Structures are given as C-alpha cells and as structure tokens.
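Report on the following structure.
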Amino acid sequence: MIDAPNDDWSFATAREPARFGACEVNGVPGVEHAAGQRGTLCGISARHTTCYLHLFVPDALQSCRRCRQEAEASPTQPCVQERLHGRVLESTQGTMRDELLAALRKGANVRLWLSGPSADLAKSYAKLNELTEGTGPAAEAFASAATIGLANVEVGLWRFLVVLPEDGGSPLIARGPRGDR
C-alpha cells in the first residue's frame, strides 16, 4: 500500500499540545501536578515534589486545577515531522535531502526516532543492509560514535534513514526500499 498524501496537512495544523511531566507534592498524595522547569505550573518549588515517569494529563480527575489551566494555556509545540525537518535542514544538500524535506512538509510517517548506543541501534534499527543509497557514510557514522540518534521515515516505496550524530555533526541521510511491501 502506498501512503496517500494528505493535502490538508501542514506543520501548523499538526502542532501538538505542550507536554509536562507529572509530579506530586511530598506528603500530599492523590493530586498530580504538571512539572515545569523550576517546579509545578501552579508555583510549588521542585524541591517539594516527587516526579513520576509519566506525563501530566490535564483532564484526569487527580490533576491539580491550576496546573490544568496553565498546561492548557501553554503554547503548542512542533510535531515530530517539523522537529525532524529542522534537523534534516542541517544535512548536506542533495536529492535525497530535498525529497525527504518535501515529504516531511507533507506529513511523512516518522516511524521511529530514538538515540542510544550506536552498535545496538545499527544492529536493531538501522537495517543498513536494506539501504541502497548513502549506506557507506551512515555505516561509518554508526561505527565512529559511542552513541547516536536515528530516525526512520517512510515515504511511498522508500524508507529514509536519518543518522543524527550527537556530537553536533551534520545529519546523514540514506535510503532503501521499504521492507513491508
């Protein structure tokens, strides 16, 4: 199946609500607050809270009413396609880059975006042996860094691999046919 383009899709229409971590005030269980940079959105200092490994859900029954209002009033954030588009702009100019940028502007499926140990990512997620263009530089990037980021983007019959060096280097782009056909 070839992905059908969505002509109504844009970075502006795909923006996402702001997200915040969840926390509770120490000694006051049962009420979740939205964790900001220095404390909760309702003004409680971070030193008086315990943070959790999940996101604050503004409309949950246990959510602090003031944090709910602040979270809902927070500006929206770029979608995954817009964030990756910004990173791909830093890569070397070329046909693959131009095709990927155009696809991201139309809402291409960013199937996966993660970072971690290079050897593990190369083995489990990069699937370098399936790529037909840009394989050499991508493999070299995985071999030369301890940790790295990668994104897999599906566009029509292609799978683009975006290698995101964590040392500030330019992203690298490779591609090959999608394996799910």
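The values are calculated or read from the model by the stated rules, or taken from the named source; none is laboratory data. All of these numbers come straight from a predicted model, not from anything done at the bench. Virtual Cβ from ideal backbone geometry, glycine too; neighbours counted across all protein chains shown. All accessible areas refer to the heavy atoms of the entire protein, side chains included, with ligands and DNA or RNA removed. Shrake-Rupley method; radii C 1.70, N 1.55, O 1.52, S 1.80 Å.
A few points about this structure:
- Of all residue pairs spaced 6 or more apart or on separate chains, those with beta-carbon atoms under 7 Å, a first member in region 159-171 that is open to solvent by 10 Å² or more (accessible area, probe 1.4 Å) and a second member that is among the basic types (Lys, Arg) and part of a strand (DSSP E or B) are Arg159/Arg175.
- You will find that of Leu100, Leu121, the residue that is modelled with pLDDT under 95, closer than 19 Å to Arg83 by Cβ and among the hydrophobic types (A, V, I, L, M, F, W, C) is Leu121 and no other.
- Of all residues in region 67-102, those being over 22 Å from Glu133 (Cα atoms), touching a strand residue (DSSP E or B) at 6+ places or on another chain (Cβ under 7 Å) and of a type in the set (A, V, I, L, M) number 2.
- For region 87-145, the set of residues classified as among the small types (Gly, Ala, Ser), outside any helix (DSSP H, G or I) and surrounded by fewer than 17 Cβ atoms within 10 Å (Cβ to Cβ) consists of Gly94, Ser115, Gly116, listed by residue number.
- Odd one out for Pro29, checked against (1) over 22 Å from Trp113 (Cα atoms); (2) in a loop (DSSP other than H, G, I, E, B); (3) of a type outside the set (S, T, N, Q): (2)
- Of all residues in region 19-54, those that are open to solvent by 90 Å² or more (accessible area, probe 1.4 Å) and of a type in the set (A, V, I, L, M) total 1.
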